[in-house]
Amino acid sequence: MPNTIYIRSIKASKFPNDYVVVDFETTGVDISKCQVIEMSALRVAGGEASDEFTTLVSCKGAVPKAATAVNGITKGMLKGAPTIAEAMAAFDAFVGDSVLVGHNCNRFDAQLLTRDRLRLKDAQENDWIDTLEIAKKILPGGYKLSELCERYGIVNERAHRALSDCHATHAVYQRMRSDLFAVSTDVSC
């Protein structure tokens, strides 16, 4: 099981500036049933985006209309896309042993990744930082990625597409990290 970095006492000095932001789009929100249909990752070095990975992923069965209404991904778009095994191999090669950053990843992305890695007998594990958990500790209400983007004046032009959400999450993380460092390098919440 991956090590999730739970935020109880925030030490700004512990917030890495080198990491990989990840996001997945799926056929639904029930982790036991949904399938990953898009995987994206954004490598960050020294606080700056340096490389991207993104792929659509083929799925079995139809893409529910409700999922398409959220992310805009249709079954037709997935024609010829890699299988989850192929996509996961490329994803794992890209992220390596980096710390992964995601928004609401404790409840969704980390669980999806662990589930699919187990199904594929993939032993790779990563540590995670959840921007939602950080926001809950340091900011007043409004914790959706869209609300945090609005708070910080970040434009997410293609919300609910994985790579765009990676860029937005990276920008939000950097702003929260900067806010913490402005107060102290050792902030307890």
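Values computed for the structure shown
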quantity	calculated
Number of the condition not met by ASN126 [criteria: (1) open to solvent by less than 10 Å² (accessible area, probe 1.4 Å); (2) of a type in the set (S, T, N, Q); (3) assigned to a helix (DSSP H, G or I)]	(3)
Per-region count, the range 129-166, residues closer than 22 Å to ASP179 by Cβ, assigned to a helix (DSSP H, G or I) and either open to solvent by 30 Å² or more (accessible area, probe 1.4 Å) or not aromatic (Phe, Trp, Tyr) (or both)	17
Some residue of the range 66-77 being open to solvent by less than 60 Å² (accessible area, probe 1.4 Å) and among the basic types (Lys, Arg)	no
Tally, over the range 39-82, of residues that are part of a strand (DSSP E or B) and over 16 Å from the mean Cα position of the chain (by Cα)	3
Residue in the range 135-150 that is touching a residue at least 24 places away in the same chain (Cβ under 8 Å) and under 24 Å from GLY72 (Cα atoms) present	yes
Selection count, the range 93-123, where residues are under 21 Å from HIS167 (Cβ atoms) and either touching a helix residue (DSSP H, G or I) at 6+ places or on another chain (Cβ under 7 Å) or surrounded by 16 or more Cβ atoms within 10 Å (Cβ to Cβ) (or both)	16
Qualifying residue in the range 161-174 (condition: of a type in the set (Val, Ile, Thr) and at pLDDT 95 or above)	yes
Every pair of residues 6+ apart whose Cβ atoms lie under 6 Å, when the first sits in the range 49-64 and is over 16 Å from MET39 (Cα atoms) while the second is outside any strand (DSSP E or B)	ALA62/LYS75; PRO64/THR27
Pairs with Cβ under 9 Å, 6+ apart, first in the range 159-180 and without any contact (Cβ under 8 Å) to a residue 40 or more places away in the chain and more than 17 Å from TYR19 (Cα to Cα), second open to solvent by 40 Å² or more (accessible area, probe 1.4 Å) and assigned to a helix (DSSP H, G or I)	ALA159/SER146
Residue selected from the range 83-110 under the condition among the hydrophobic types (A, V, I, L, M, F, W, C) and in a loop (DSSP other than H, G, I, E, B), by the criterion farthest from CYS59 (Cα to Cα)	VAL99
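The values are calculated or read from the model by the stated rules, or taken from the named source; none is laboratory data. All values reported here derive from a predicted model rather than from experimental measurement. Here Cβ is always computed from backbone atoms with ideal geometry, including for glycine, and neighbour counts include all displayed protein chains. Quick note on the areas: whole protein, heavy atoms, side chains included, nothing else; ligands and nucleic acids left out. Shrake-Rupley method; radii C 1.70, N 1.55, O 1.52, S 1.80 Å.
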